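**Student:** Submitted below is the structure of interest, expressed as structure tokens.
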Amino acid sequence: MKPRLLILAAALLYSTGGAAIKAISLTSWQVASLRSLIAAIAILLLVPESRRGWTLLVWIISLSHALTLVLFVLATRLTTSANAIFMQATAPFYLLAIGPLLLKEPNTKRDYLLGGAVGIGMLLFFFDAPSTTALAPNPALGNALAAVTGLTWALTLTGLRKLGKQPGTNNLSVVATGNLTAFALAAPFAFPIASIGATGIAALIYLGVFQIGLAYVCLTRGVRQVPAFETSALILLEPAMNPVWTYFLHGETPGPLSLGAGAIIIGATLAHTWASRGD
């Protein structure tokens, strides 16, 4: 039971990112940069494995991971938290083309069905027209950036898959270098910082140490003893809970089509994972 609770804890910590990001008064670039700097320090201190195996391939993968981290913050500050996380979950749509091209892994019929369902979900996001609010000042641009995070996350997953096939490597090195790269990418637009305030400092420390650092520790410890299918199902708690935290803390409500699109993406991913459990 303990490994499963660790995975659920990781999913819950990941899911709080949207609400915490919206609670900070700094600019999006400042949040993205400082969050990743704190996360990199926390991961390097908490997980010794992350300090090893910094190969050229790891740094290449870290770039797509860094883009995902930065773009997710930018998207979350422009559109609803639900749209940002659900659009990142559209990675399977892009993997239909990326997987066979870069990994030489052919798609199955189930993969195409999942990609089609996710594609429908993506369209629903752009047909939805959420009202412009203080928490979502530019939903159209935020949705577009969030769609790009689906692509960069797909590239990250592809890189991690390729890395996993090489002996003596570990995915945690990508987590550390990815956050360091994200800090470097956002830093030119983040500094100088006039003031942060106690609330901002607390939220940034939470994001870096707990929402990213501790979450990765829980996940890596849990997956060692939990089957891949069960892990994939448990981690879906993240996109399911992300808009819930934002609603309770900020009163942000996604549009009906966005909620429907999220349900399609999560449901299709869970069904695909269930059908593939014996492969």
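Coordinate-derived values only; no laboratory data. Owing to the predicted nature of the structure, the values given are computational and were not obtained by experimental measurement. With ideal geometry, Cβ positions are generated from the backbone for all residues, glycine too; neighbour counts draw on all protein chains shown.
**Student:** Condition first: touching a helix residue (DSSP H, G or I) at 6+ places or on another chain (Cβ under 7 Å) and in a loop (DSSP other than H, G, I, E, B). Now tell me which residues in region 157-179 satisfy that. Full working, then the answer.
**Tutor:** As a first pass, look at region 157-179 and keep what is touching a helix residue (DSSP H, G or I) at 6+ places or on another chain (Cβ under 7 Å): 157-163, 169-179.
Correct list: THR169, ASN170, ASN171.
**Student:** Here is a follow-up. Regarding LEU37, is this residue in a helix (DSSP H, G or I), of a type outside the set (Gly, Ala, Ser) and either in contact with an Asp or Glu (Cβ under 6 Å, 6 or more places away or on another chain) or on the phi < 0 side of the Ramachandran plot (or both)? Step through it out loud before you land on a result.
**Tutor:** Numbers: in a helix (DSSP H, G or I): yes; of a type outside the set (Gly, Ala, Ser): yes; either in contact with an Asp or Glu (Cβ under 6 Å, 6 or more places away or on another chain) or on the phi < 0 side of the Ramachandran plot (or both): yes.
The answer is yes for LEU37.
**Student:** Can you confirm whether ALA75 is in contact (Cβ under 8 Å) with a residue 12 or more places away in the chain, in contact with an Asp or Glu (Cβ under 9 Å, 6 or more places away or on another chain) and under 18 Å from PRO243 (Cα atoms)?
**Tutor:** no
**Student:** A follow-up question, please. Give me the residue from region 13-28 that is β-branched (Val, Ile, Thr) and in contact with a helix residue (DSSP H, G or I) (Cβ under 6 Å, 6 or more places away or on another chain) and, out of that set, farthest from ARG77 (Cα to Cα).
**Tutor:** Taking region 13-28 as the starting set, the residues that turn out to be β-branched (Val, Ile, Thr) are 16, 21, 24, 27.
Subsequent filtering for residues that are in contact with a helix residue (DSSP H, G or I) (Cβ under 6 Å, 6 or more places away or on another chain) retains 16, 21, 24.
Values: THR16: 14, ILE21: 7, ILE24: 10 Å.
Here the residue is THR16.
**Student:** Further question on the same structure: Checking the conditions here, which among GLY142, GLY150, GLY121, GLY116 is in a helix (DSSP H, G or I) and free of Cβ contacts under 8 Å to residues at least 24 places away in the same chain?
**Tutor:** Details: GLY142 fails: free of Cβ contacts under 8 Å to residues at least 24 places away in the same chain; GLY150 fails: free of Cβ contacts under 8 Å to residues at least 24 places away in the same chain; GLY121 fails: free of Cβ contacts under 8 Å to residues at least 24 places away in the same chain.
GLY116 is the lone residue from the list that is in a helix (DSSP H, G or I) and free of Cβ contacts under 8 Å to residues at least 24 places away in the same chain.
**Student:** Then there is this: Six or more apart or on different chains, Cβ atoms under 7 Å: show the pairs whose first residue is in region 88-99 and in contact (Cβ under 8 Å) with a residue 24 or more places away in the chain and over 10 Å from VAL118 (Cβ atoms) and whose second is of a type in the set (D, E, K, R) and surrounded by fewer than 22 Cβ atoms within 10 Å (Cβ to Cβ).
**Tutor:** GLY99/GLU105
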